[in-house]
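Encoded as structure tokens, the structure appears first; notes follow it.
Any read-out appearing in this document is the output of simple, stated calculations on the displayed coordinates, not a laboratory observation. Note that this is a predicted model, so its numbers are computed, not measured. We place every Cβ from the backbone using ideal geometry, glycine too, and count neighbours over all the protein chains shown.
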Amino acid sequence: MVNQMVIEDYLTEAGAAVTLVQNGADAVTAVEKVGPEAFDAVLMDIQMPVMNGHEATRQILRLAPGLPVIGQTAHAFEEEREACFKSGMVAHICKPIDPVELVDTVRKHATRAPVG
């Protein structure tokens, strides 16, 4: 919860509108309910309850093949990076989150006008 608030602050300060969910299943549901066009990018934690980030990414990309998903994880190992890309993610950010890297990565991959 605290990490979500910090990330939300970083992104809203850069001009982004942020939608928060509690887990991977909720992320999939949000894309289904609101529609993929409502989102420019998805910032996906890898380790979550209910549905992990890899499975959520695969399901989101079935619904919205062009929606960029950016993985975030405390694991900086190359295997975790590769697993993110194999799941369909376009980028990988390690925790602790660097605010500049976060905003730059979202800007780079957002499907509409860049943040900020």
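Below is a table of values for the structure above.
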quantity: Cα-Cα separations in the chain greater than 17 Å, expressed as whole percent; calculated: 51
quantity: 18 Å cut-off, amide nitrogen to a point 7 angstrom out along Phe77 Cα→Cβ, residues in the stretch 51-66; calculated: 52-55
quantity: For the stretch 50-116: rounded, prolate or oblate by the Cα gyration tensor [a/c cutoff 1.5]; calculated: oblate
quantity: Relative contact order computed over the chain (Cα-Cα under 8 Å; 6+ residues apart), in percent; calculated: 27
quantity: Considering only the chain, percent of DSSP beta bridges that pair antiparallel, nearest 5; calculated: 0
quantity: Equivalent ellipsoid, the stretch 1-41 (semi-axes from 5 times Cα gyration tensor eigenvalues, Å); calculated: 19, 14, 5
quantity: Approximate spin-label separation Thr29-Asn3, in nm, with each point projected 7 Å along Cα-to-Cβ; calculated: 2.1
